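Notes follow the structure.
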Amino acid sequence: MLSTIQPPRYLSRFPLRGRTKSRPFHILSSVQPVTKTAFAADQSQILSIRDSLLNRHLSAVELTHSYLNRLKQTEPHINCFLHISDPDKVLKQAQDIDDKIKRNEEVGPLAGVLVAIKDNICTVDMPSTGGSYILEGYRPPFDATAVKRLKDFGAIVVGKTNLDEFGMGSTTEASAFKVTANPWDLSRVPGGSSGGSAASVSARQCVVSLGSDTGGSVRQPASFCGVVGLKPTYGRVSRFGLMAYASSLDVIGCFGSSVADTGILLHAISGHDSLDATSSKREVPDFTSQFTSASSLKSRPLEGLRVGLIRETVDAGVDSGVKSAIQGAAAHLEQLGCVLKEVSLPSFSLGLPAYYILASSESSSNLSRYDGVRYGNQASSDELNALYEESRAKGFGSEVKMRILMGTYALSAGYYDAYYKRAQQVRTIIRKSFKAALDENDILISPAAPSAAYKIGEKKNDPLAMYAGDIMTVNVNLAGLPALVLPCGFVEGGAVGLPVGLQIIGAAFDEEKLVKVGHIFEQTLEGYNFVPPLITDVGGASA
């Protein structure tokens, strides 16, 4: 029997009384008249919360209490968080929102929305460790731009989530502090490196969360945990305050339990930032304009949309259950009116080795700042070189050390041309192949991972097998493109099955198209419930 951890009963199905029509993300006033919105609020927890707060059906304090209680019940079993915000401080922020609404003052569009932040994204009011002993207890003197924008819109940060150390891993087992479990099966990994952020949304410990994606670290855990994950175009979101792993690949991404919530979250954090020279000055579109209610959809709402299924992603090496789920998703897109065809990207297999050379090379440079002198934990030593060596030896985990060594080797004299330079040439080929495919197709689709979530410890001692799990995602980072992952089916495993994610890839800065397609796909996919099984030993958590 499928029991589920559901959002609090009074959150799950609010009749929407609407929101005012406004410019994109205009802060709505609680005293403005509320009109019917274009799509139902039960498609979005964020809009459900806002509607209920402004119509006085629910207080922010009640909402916050509910999520904090759920977090307290589930966290001992899942271990999503490295740091949890002071409950009194969180409730005080919620009370401030309630007080503003009582005074008929404006509140932000994310007022009362509890957000979790991956622990390699800086926050001024709590530790930011990157999952590493070398930064244990470190408190930045600033918020990352993405975090600041969320706070400016009224969001409440509930805590910092677990990750593979500095984002280097695919399971969240490489964290220096704890191992996070998958809410669908506690014996399995949630994916990585943003496993804590994905699992916290899956377990309904928060409404939405932020992660980072260097080679698939948002999309693969979204697939494993049965949630929506969105990796934006490189430059769409400021990287200021994101601890650098591979600077030419890193992006901050979003998790939500629906495409609507993920699109709303992306809108909030997007835009140019003078503190990040790589952030784009392109205007940020209103992603919510792409959302329509299921009742207003035509029989073939995606009529004529050209979809390319990447042939190399459903070849040998992909689990048969995953392949079947993706083929089912492709058939569903055809039913929605899409024109589907197979697309070959011959350079696809080259992406994985090129990615690990480039990412390791950049990380070997970026992580040199952690020397035990300027910040972080410092070993006791009377000699400078010994201080560096001992601080890094004790502070870095084995995965980080291995990647630093790989990167240093690839950049060393005599090997630069053979490895790093050649990997950059492969990157150029991959960019061109994606551009050619997207010139002929509106979107490309593939699995987000070659398998569903695997057992904790299953691949920890086989790094090559773990790296191979990134083959579906790394090419997108090398090309700098946006990609959306949303659950599309199940494979056998665990108590009720394990979720599988469909990856939808778009042209640069075309996130609008991704959220439109994803939202329609999500609404019309019937027969699936992507809420994880009830954890029976958490003291009576119930639907």
*Taking amide hydrogens as modeled 1.01 Å from N in the peptide plane, which residues meet the under 5 Å criterion relative to T123, leaving out close sequence neighbours?*
A144
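What is the extension gain from D382 to H77, computed as 0.36 nm multiplied by their sequence separation minus the C-alpha to C-alpha distance, in nm to one decimal? Walk me through the intermediate numbers first.
Working: separation 305, 0.36 × 305 = 109.80 nm, distance 4.34 nm.
Here the segment from D382 to H77 would lengthen by 105.5 nm.
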*Given K151/K516; K148/K401; K118/K516; K231/K281, which pairs have Cα atoms separated by over 20 Å?*
K151/K516; K148/K401; K118/K516
*Compute the relative contact order of the chain as a whole-number percentage, counting only Cα pairs closer than 8 Å that sit 6 or more residues apart in sequence.*
18
*If you take all C-alpha pairs in the stretch 219-260, what percent of them are over 16 Å apart?*
42
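Report the extension gain between A436 and K421 in nm, rounded to one decimal, defined as 0.36 nm multiplied by the number of residues separating them, less their alpha carbon distance. Present the calculation step by step, with values, prior to reporting the outcome.
Working: separation 15, 0.36 × 15 = 5.40 nm, distance 2.32 nm.
Result for the pair: 3.1 nm of gain on full extension.
Dipole of the chain, Cα-centred, from +1 at each Lys and Arg C-beta and -1 at each Asp and Glu C-beta, to the nearest 20 debye?
Details: 54 positive and 54 negative charges, 212 e Å.
The dipole magnitude comes to about 1020 debye.
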_Computing the accessible area with a 1.4 Å probe over protein heavy atoms, can you report the carbon and sulfur percentage for the stretch 335-492?_
54
*16 Å Cα-Cα reach of K102 towards aspartates and glutamates, excluding residues that sit fewer than 8 places from it in its own chain*: D51, E62
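Divide by every residue of the chain the summed helix terms, -39500 (n - 2.57) for each DSSP H run of at least 4, and state the resulting mean residue ellipticity at 222 nm, rounded to the nearest 500 deg cm²/dmol. Each step should come with its number before you reach the end.
Numbers: 16 runs with 186 residues, N = 543.
Dividing the helical sum by the residues of the chain leaves -10500 deg cm²/dmol.
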*Charge-dipole axis of the chain as Lys and Arg at +1 and Asp and Glu at -1 on Cβ define it, positive-most pick from V179, S238, V373*: S238
*Probe 1.4 Å, all protein chains in place: accessible area of C488 in Å², nearest 10?*
10
*Nearest-10 value in Å² for the accessible area of R282, using the 1.4 Å probe*: 140
*asked:* Could you work out what % of the accessible surface of the stretch 128-193 is carbon and sulfur, using a 1.4 angstrom probe and leaving DNA, RNA and ligands out of the count?
replied: 54
_Quick check: the distance between the Cα centres of the stretch 337-396 and the stretch 289-333, to the nearest angstrom?_
34
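Checking understanding here: applying a Kyte-Doolittle mean of at least -1.0 and a length along the axis of at least 24 Å (C-alpha), which whole DSSP H helices in the chain pass? It would help to have the intermediate numbers written out before the result.
Details: long enough: 60-78 (26 Å, -0.63); 422-440 (28 Å, -0.61).
Qualifying helices, which must be both long enough and hydrophobic enough, are 60-78, 422-440.
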*Roughly how many whole Å is it from the C-alpha centroid of the stretch 62-106 to that of the stretch 221-282?*
24
*In nm, give the distance between the simple-model label positions of E390 and Q335, each being 7 Å from the Cα along the Cα-to-Cβ direction.*
6.5
*Starting from the coordinates of the alpha-carbon atoms of the stretch 193-266, obtain the Kirkwood hydrodynamic radius over all distinct pairs and give the value in Å to one decimal.*
11.9
_Where the chain is the region considered: accessible area per residue in Å², 1.4 Å probe_ = 37
*Compute the Rg/Rh shape ratio of the stretch 203-352: radius of gyration over Kirkwood radius, all on alpha-carbon atoms.*
0.98
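The values are calculated or read from the model by the stated rules, or taken from the named source; none is laboratory data. Keep in mind that this is a model prediction, so the values were computed, not measured. A quick note on method: Cβ atoms are made from the backbone with ideal geometry, for glycine too, and the neighbour counts reach across all protein chains shown. Quick note on the areas: whole protein, heavy atoms, side chains included, nothing else; ligands and nucleic acids left out. Shrake-Rupley method; radii C 1.70, N 1.55, O 1.52, S 1.80 Å.
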